[in-house]
Structure formats: structure tokens, C-alpha cells
1. For A:A63 paired with A:A32, estimate the spin-label separation in nm (one decimal), with each label point 7 Å from Cα along the Cα-to-Cβ line.
2. Quick one: label points 7 angstrom along Cα→Cβ at B:P190, distances to the other copies in nm, smallest first?
3. Of B:E67, B:E205, B:E197, which is the most mobile in a GNM of chain B whose springs link Cα atoms less than 10 angstrom apart?
4. Counting each pair of different Cα atoms once, what's the Kirkwood radius of segment B:3-249 in Å, rounded to one decimal?
5. Label points 7 Å out from Cα along the Cβ direction at B:A296 and B:D48: separation in nm?
6. Considering the rotational relationship between chains A and B, which residue of chain A contributes the beta-carbon of minimal distance to the axis, and what is that distance to the nearest Å?
7. Let me check against my output: what whole-number percent is the relative contact order of segment B:134-173, with C-alpha pairs under 8 Å and at least 6 apart?
8. Among A:G266, A:G328, A:G33, whose mean-square fluctuation peaks in a Gaussian network model of chain A (Cα, cutoff 10 Å)?
Protein chains: 2
Amino acid sequence: MSLIVQKFGGSSVGDAAGIRRVAQRIVQTQRAGHQVVVVVSAMGDSTDELLDLAAQVSNDVAAAPREMDMLLSAGERISMALLAMGIQGLGSSAQSFTGSQAGMITDAIHGRARIISVSPHRIKTAIDRGDVAIVAGFQGMSRESNDITTLGRGGSDTTAVALAAALNADVCEIYTDVDGIYTADPRVVPSARKIDEISSEEMLEMAASGAKILHLRSVEYARRFGVRLHVRSSFSEQEGTWVLPSPDDQIKIQEGDPMEQPIISGVAHDRSEAKVTVVGVPDIPGKAAEIFGIVAGAHSNIDMIVQNVSTHGSGRTDISFTLPIVEGSEALAALKNAQDHVGYESVDYNEKIGKLSLIGAGMRSNPGVSYRFFKALSDAGVNIDMISTSEIRISVVTDADLLDRAVRAVHAAFDLDGETVATVHAGSGR
Amino acid sequence: MSLIVQKFGGSSVGDAAGIRRVAQRIVQTQRAGHQVVVVVSAMGDSTDELLDLAAQVSNDVAAAPREMDMLLSAGERISMALLAMGIQGLGSSAQSFTGSQAGMITDAIHGRARIISVSPHRIKTAIDRGDVAIVAGFQGMSRESNDITTLGRGGSDTTAVALAAALNADVCEIYTDVDGIYTADPRVVPSARKIDEISSEEMLEMAASGAKILHLRSVEYARRFGVRLHVRSSFSEQEGTWVLPSPDDQIKIQEGDPMEQPIISGVAHDRSEAKVTVVGVPDIPGKAAEIFGIVAGAHSNIDMIVQNVSTHGSGRTDISFTLPIVEGSEALAALKNAQDHVGYESVDYNEKIGKLSLIGAGMRSNPGVSYRFFKALSDAGVNIDMISTSEIRISVVTDADLLDRAVRAVHAAFDLDGETVATVHAGSGR
């Protein structure tokens, strides 16, 4: 008997028919002899409807983050209670639990709370009794104030992985609207290939580089706690993509693969970031740290960073970095506030950028990879604005308008095109 | 500075415009120098929509009472968070609290839980800090299992009164879609008059007799804990009806009222009950208690009871009683289960009944009242099926089809018709 955590997103439970279908799938897993814990998001568009109502009620909903979390957390209550009823209607027993009942304790940063601890006593009791336990994704309770919090984007994936870790589950199945992780976004590159297995490290780079299927935080969590992820479609029974963390589960090299060749996993892209350039920063030690401290204080997550050499002859330099567009205005305000203190000249802000990343093991030790990468971009007429690299990734920032063309060019240059065309269903966000 | 509890029903917060209007009203009360605690129901039709979804997901939602409570409790989360945002949007501070956060501890009977204790520490802290505290009506948390419970019909009124009692509030204002308690339902008797003040006792009889404005439980609670209720319209600024509990607040006799005359408060009616007749019960001591024990065991609330004299010459008698239609099938099943044990012959069940009640102080000592009452019914051609009386009430059960005619006849016979016609807005349930 295995313990399986299954996560279903909002598009899988978008209406009553979807909920019944998901209930069937869960009961099937349970009747195959497994213990099942289910994490579920809010139904389809319900989050947008709640946000819309909030905007009608107040002109400044951003000033009410605690209430926004209270509001949005209602969405999962509805989907999880309905799902539990659906399972009971099929003759199995099920109980639903809010984030707080499931022991998801977080910090108090509303709208993007981080998990502090997970104490799923009630979940354990429920599954040991033979029930399916349904848990609200995306939500928790703050340790200090006992207030309802939400985990922000990708929060339900994180809930699922955190529960899988705390319960020592055999696998955490992430059900989605595509049948696995692809070598590129099939909407941009229709010939993209499904990946059967990928390491947590590479998946981390894919997610950090904008692959939307799994959120970065959930992959980080899975890697740290050794959770085995299986990303698969809720619309089919096929195996999806396994994301495997520990050395025991290392990617099996396909027979015949040349061992010293780099293994390119795929191409990821991202339109959700903006570029900030702080111009004319005094080129003295500690200034960069000061700037990043200000941005962090505005709760912004910086991604790529480039510092130009001091070209002014005036002891000044420019610092560019990218961050999520949704965090842009707050970070910008904080920077402007501190202009006199830091002593920089001006700040530029650009949302019309795209990020493209190539991910694969053995990349660094193989100079041919970067040559092929930059040649493909250049042949496609794509200008490069920023570059950053890691052991297993090269990322570039380009014009937003050229991003799709760049993705297709790189995907083709590394022979990633498959023979079949991926099936894509309507997507969702939480 | 007074502490005021204000309760707004689902029709008052049916859409964004309604929520903004209610927010205005609350802020107005607070700026007049009062501490304000608000109890709110789910928005308009949202409960029906959730029930509809549940029916689409499972054929047997009655088998999932815990999940049903989880589902329905989402409704108040949405309305209370939006209301708090609306208040913040007007520049005041507000925080919303679930039933469990507000310290509403109940028993574990899902769907009709009873309040065991109220510990509103967080509410007290919030209002002492100057916030408006918004509390989810209708819901609590069970003491044994820490599960979400709902209080059943009229639950939000009960939440408001229970909070008012626990916080020792100066008044509990119940906002509704009519501008107070009327001498009869204005939808049936358009000439009905608004009552300015009524005692808790009379209100109790009105509520028990089917007056929908205040639920029986909330009036009982208010009477027991000395809570002053003010029932008024959320659509106007006019004074509504005061429901006053303690001897200090006794109804002021209007100047010129003859002191020894009975004061008729009004006519109430009710279509929500069914009549059960247990036929051929052995006429030996203890049999009635046995039957009522069985019904109570099915969590049914018996209202009127009539036991006929033993007419069979066979030592057998018939026992009739009324109970809420929604509790009928469960009670009936329990009775049928126990048929052999009790030894009765058969059981009849009739949902096509209506109950009419005349309420007023000094009724019993004034024989003219019952004469006038029964003559009015007889003149109107209304047959009477059951009769029950108390110190301040006469109730009769009639054919459901004749109920409206009966209400108008009795209302006219006691000169209750007013000169103005009541304003009635669309109604709601919780």
C-alpha cells in the first residue's frame, strides 16, 4: 500500500462534471489499494470572479491583504467540500480540511505567505481510518495571528508537495491540463517532445525560467525534502513526467546515449518579468547590496542581475535586474524613496521583455552548447539584452515581441522537435 | 459610546452595490461614536447556487452533512471579506472573522448545530482597537471535533444575538427587508400595521407561530440573556420595531389605552410545518412520551400536540402533532422503525396544512378574544383542524389553501388594519 498525494488544479474541477470525473479518478486510486490525500484548487474562474467582486466593492483592495486572503480562501472550501461529496456519492468515504485544519502553518505575509511548518495530524488520522483526505490548496494559517493566509502563485502545488513531504508520501502526483513536462511550451513550439524523467535540479531551472507547469517553490520544496513528483494529465491515464530528486533516482541514461554529451532537457520562456535598471550608482562597495536590500524589503524576488562596468569615468555604474511584473510597482516605489540615500541618478523600468532559457546537464563543460545557442538566436535575428548562466542553464533576456521566434529557433537548433504534437487543454493559474 | 451589534441578511448584501451601501451604514454608525460588531449572511442567492452545485456532484448530499457545512460556510467568508474591504475602502478599519475565529463553539450536529459557548476575545480586541469587527453569521466550530458547523435556519440572527449577549452590547440591530415587525405579514395583509415595541414573550409567540422576520431561536436567546433587539430596514433610516426583554423595558402603554383591555400584537402564519397523526396508540401511560422520544431522537422539533380521547372503545387513541416539513421524513422513518415496539396501528402525514396564530397580552383573561377569533374564522368559511393556546397566543391549524383568507379575516376582526401599506423588498432566508 502506497500513500499518494494527488493535486488537482482549478481547470480540472471547473464545473460539476469535472468534479465528478476527478472524484472517479481518486476513488479508482483508492480502490487500487492506496491511501490518498488530495489537494485541490478553487474551481475554474471562481478566483477571478471573487477578485472582480472585490474591485467593485473597494477602490483599494491592495490595502486589505488580510481580507483578500479571507475572500480567496473561500474558493477552495467550495471545491474541496464538493469533491468530498462527489467521492461519498461514489460510495467511498472522504473528509475535507482547510489549510488550517491540515496544519499548514505560515508566516503572516498575506498574499504570498511562506510555509513555516506542516502538522497534518488530522490528515493522518483520516487516511488511517480509510478516508480520502481532501485538503484546500493555496492556503494556511499564520503562526502569529491565527489569520488565514494564502501562498500566492503556484500555491496549491506547494501545498501538495509540503503535505507529501510531511506525510512521507510515496509520490506526489500533480494533475494538470497537459500530459507532462515538454521540451518547450507546446503552444509556442507545437513539435515539442514530452520528457519522461527529469531531475529536480533541471526542473528547478525550467521552472525558474518560466515553464508554467510546476511552480518554482514546489520544485524547490520537492528537491529539499526528496519528494518524488509525477506531473500528468487529469484527462488521460498515460504516464506523465517524473521529477526525481535524490541520487538514488538519478535520471537513467537511455541506452546508446553518449555519456559525455550534454543532455538538453528543454527550452523554457517567461513573459512575467520586468527589467529594472538603476542608472548612475556610486561605484563603491556595498551599494549593490543596499539596492537589493531595498528591493527585498518590498518583498520582491529578484531573478537575473547584471552590473555593467563603470563607463561614466565618474565612478558610477548601472545595475540591471529582473523581477516579477506584479511586484514591480512596489519595488520601484521603494527604490525611488531611497534615491537620495543610495545616491543613484535615475531608474528605468521595462515590462516589454521576455526571458528564454536552455536547460540541460553537462552544459558548462561543453562549449559547443553556448555557441549553438547564441548562433541560433543570431540567425533568427534576436537581439540579446541580458545573459545569465548556471551549471545547467543559459538564460537571455530579449524583446518580448521576439520571444516566440527565439524559442522556436533554439528548440530546433538542439534537435528537440518531436514527431507528435502535444495536446493542450485550457489552462489555470493557482 | 455604545456597543452596537448589527446583523445584515443575504438580501442586504446581494451584490457589490448592496455591500457598498451596507458598508456606508456601518461606517456612519461608527463615526457617530459607537463600537460596531457586524454579523453578515452569505450574499443573496449564493447559498442556493452552492446547494445546486452539490446536487450536481452527488446524488446523496444528505449523507455528507459535515461537507455540506464546510461548503455553505464559504458563503459568509465571501460576504464578510468583501464587506470588510468595502469599509476599508471608505477609510475606516475593519477585520472579518469566521465563526470559529469569533469563538462560536457549538455541538456537532451538522446543519443545525446549537451554540454551546461564545468566547469573542478576538472581536473584543478588534473593537477596542477601533476596528469594525465583521463576523460570519450562521456558522461555528464543534467543540468535540473542531469541525465547521452551521446553525440552520435563522442562524445569522442567532449569531448576532449570541454575540450581543457575550459582548454585553447595548443593542442588537437586525436589518431586514421590511421596516419592522407587522401585525401580520404585509404580503398577505397589505393593510398590516408596523409595531413600535413588543415584548420578547410576544415576539417569541410571533416567531414560534411563523412570523419570518426573526427566527425563534434568536428571540429565545435574546429573552434569556436580556438582549435588546431593534428590527429595522436596511433600506431606510426609520426606527423599526424594538423587541424588549426585561421588566425594566416593559412595553409602555400608549396614553389613553384602556389598561384592562387585551393588547393584540398581531397575527402570524406559517406554512413550513407538516402534521403527523399516529393512529391507534395503546392508551396506556408512557406511550406519548415514547413517541415524542422517538421524534426527538430524530432531531425533530415538535410544535403543536393534540391527543384525541380514546374513541375506539378498544383502549386506543390518536396522537397528532406538527413539526417542520424539512424534518418530516427523518421523523417519519424513525416512527415507522418503532411501530412494532410502540404498538400503534398506522401513521398519517400531511404537508398541506397552515398554522395561524393570534398573539397578544391579556388574552386568556378576556373570553371575548377567543369568541371573536373563532367567529372570524367561521364567518370566513375556514375549518379548524387543531387548536393550541398559551397565555398570550391562540394557534389553529387549517387547510394550507385557506390560510391567507383566514389571516386577513382575523386581522380585520381585531381592528389591526393600518392606514398605510407596508413596503416589502425581496426576501432572504439565512
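Derivation of every value follows stated rules applied to the coordinates shown; laboratory data play no part. All of these numbers come straight from a predicted model, not from anything done at the bench. Cβ placement follows ideal geometry from the backbone for every residue including glycine, while neighbour counts extend to all protein chains displayed.
1. The two pseudo-label positions are separated by 5.3 nm.
2. 6.7
3. The residue that fluctuates most here is B:E67.
4. Numbers: mean 1/r = 0.0554 Å⁻¹.
About 18.1 Å, per the Kirkwood formula over Cα pairs.
5. 3.7 nm
6. Taking Cβ atoms only, the nearest residue and its distance are A:A74, 2.
7. Details: 36 pairs, mean separation 13.4, N = 40.
Normalised by residue count, the contact order of segment B:134-173 is 34 percent.
8. It is A:G33.
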